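Input: a single structure, listed below in C-alpha cells.
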Amino acid sequence: MGCQREATDGNQGRLVKIVVTGADGGLGGEVPTVFTDDELILLDRSQLDVTDKDAVIEAAKKSKPDVIIHAAAYTNVDAAESNPEDAIAVNRNGTANVTLAAAEVSAILMYPSTDYVFDGEKKSPYVETDQTGPLSVYGETKLAGEVEALKHDQTYVIRTSWLYSQTGKSFATTMLKLFADKKELAVVSDEVSSPTYARDFARGLQTLLKTRPDFGTHHFSAGGETSWFEYAQEIARQSGAKTIINPTTAAEWNAPATRPRYSKLDSGQLAKAGVELPDWKESLTHFFKDRP
Ligand SMILES: NC(=O)c1ccc[n+]([C@@H]2O[C@H](COP(=O)([O-])OP(=O)(O)OC[C@H]3O[C@@H](n4cnc5c(N)ncnc54)[C@H](OP(=O)(O)O)[C@@H]3O)[C@@H](O)[C@H]2O)c1
C-alpha cells in the first residue's frame, strides 16, 4: 500500500509510523524531506481517495499509524465557487472519513486548515479563539473539515496561510513561471497575510509532535505579514527576475472567490510551546536555497 519507507530508529528507539494523505500535493510532497527518521506511508490520490470511507478505514487498519498527516484537500479556491459539491466531498466528508480512521486506530490526526476560515475584518492578527466567518466555499468547507477533525480527541487542527512548496502549484511557483514569460504583471495589493513555506511548516509539525502541546486548534504561519504584491516583489528580488510588478486591487482583479483582506494568523500559542516559524522573507530564502 502506497510508497513506504522504513525508519532507521531516529526517535529514541521508537519508530513513528505516519500516514500522509494527499502525498503528491504541495505539503504532502515536502513531508518526506523533513520526516527522515520516521516510517512514512505516502498515499497520493490514486492510492487513497479520501472520499472513499471504506478505503480510508481499511488503509488505517492495515498500517496502524501513530500519526495521520491529512494533507489531502480540494484547494482550488476559485474553482470551489462553481464546484461546491466537490469541495465539500473532499474537505468536509473526506476529513470526516480520515477522522473516523484516526479514531479507529487511536492515531494522532494532523489537519492543516486555513486563514480563509476568517472574514478578514479584524485589524490585528487572528488568534485561535476568534470568531470564524469564511467568505468562500473553500473556507466554508475547510471549516466544516475542522469540525469533523475535532470530533477525534487526538486532533491537531493547524491553521496556516498562503502555503507554497517546491512541488505543486502555489503563488510562488506561479510567479516564477510568469516572470519567465512576462515583462510586466499586476498583483493584488490589498490582501494581507503571511506566506508560509510548506517545508518549514512540515518542520513545525515535526516539532509539534515532539513537544506535544494540547490537542485542538493552533495557528501556525510564518512571521511578519505582507500583501500578495509585496510578496511578488520579494520573489522577484530573491530570484533576480526583472519583471515589472504593478499593484492592483482585489476588486479590480475580480476573482470568483472572495478572500479575506486581512488574515494574518497569530502563532503565539504554538511559539510559547516552542514551535515557531521564521519570518516569511527568511522562509522564502530557504525556499530558493532548497530549489533543486
Ligand atoms: N495552499 C495554500 O495556500 C494553503 C493555505 C492554508 C492551508 N492549506 C491547507 O494545507 C493543506 C495542504 O495544501 P497544499 O497546498 O499541499 O494543497 P495541494 O497542493 O492542492 O495538495 C492537495 C492534495 O490533495 C489531493 N487530493 C484532492 N482530492 C483528493 C481526494 N479525494 N483524495 C485524496 N487526495 C486528494 C490533491 O490531488 P490532485 O492534485 O489530484 O487534486 C493534491 O495532491 C490543505 O489542507 C490545505 O487546505 C493550504
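P256 meets the conditions (1) closer than 13 Å to T160 by Cα; (2) in a loop (DSSP other than H, G, I, E, B); (3) not hydrophobic (A, V, I, L, M, F, W, C) in every case but one. The failed one is (1). Of the residues making up the range 74-122, those that are away from the ligand (no atom under 14 Å from the Cβ) and either out of contact with any strand residue (DSSP E or B) (no Cβ under 7 Å at 6 or more places or on another chain) or without any contact (Cβ under 8 Å) to a residue 40 or more places away in the chain (or both) number 10.
Listed here are the residues, each with its yes/no results for (1) hydroxyl-bearing (S, T, Y); (2) within 11 Å of the ligand (Cβ to nearest atom).
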{"position": "I18", "(1), (2)": "no, no"}
{"position": "V31", "(1), (2)": "no, yes"}
{"position": "T51", "(1), (2)": "yes, yes"}
{"position": "D54", "(1), (2)": "no, no"}
{"position": "I57", "(1), (2)": "no, no"}
{"position": "K62", "(1), (2)": "no, no"}
{"position": "P65", "(1), (2)": "no, no"}
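Looking across the range 123-142 at every residue that is in contact (Cβ under 8 Å) with a residue 24 or more places away in the chain and among the β-branched types (V, I, T), the one that is nearest to the ligand (Cβ to nearest atom) is identified as T141. Per the listing I68, I41, I57, the residue uniquely in a helix (DSSP H, G or I), of a type outside the set (S, T, N, Q) and touching a helix residue (DSSP H, G or I) at 6+ places or on another chain (Cβ under 6 Å) is I57. Within the range 38-49, none of the residues are surrounded by fewer than 19 Cβ atoms within 10 Å (Cβ to Cβ) and away from the ligand (no atom under 13 Å from the Cβ). Here is the figure for the range 143-187: residues that are of a type outside the set (K, R), under 23 Å from S267 (Cα atoms), within 12 Å of the ligand (Cβ to nearest atom) and outside any helix (DSSP H, G or I) total 9.
Computed from the coordinates by the stated procedures, all read-outs in this text should not be read as laboratory data. This one's a predicted model, so the numbers in the text were calculated from it and none came from an experiment. Glycine also receives a Cβ, built like all others from the backbone with ideal geometry; neighbour counts cover every protein chain displayed.
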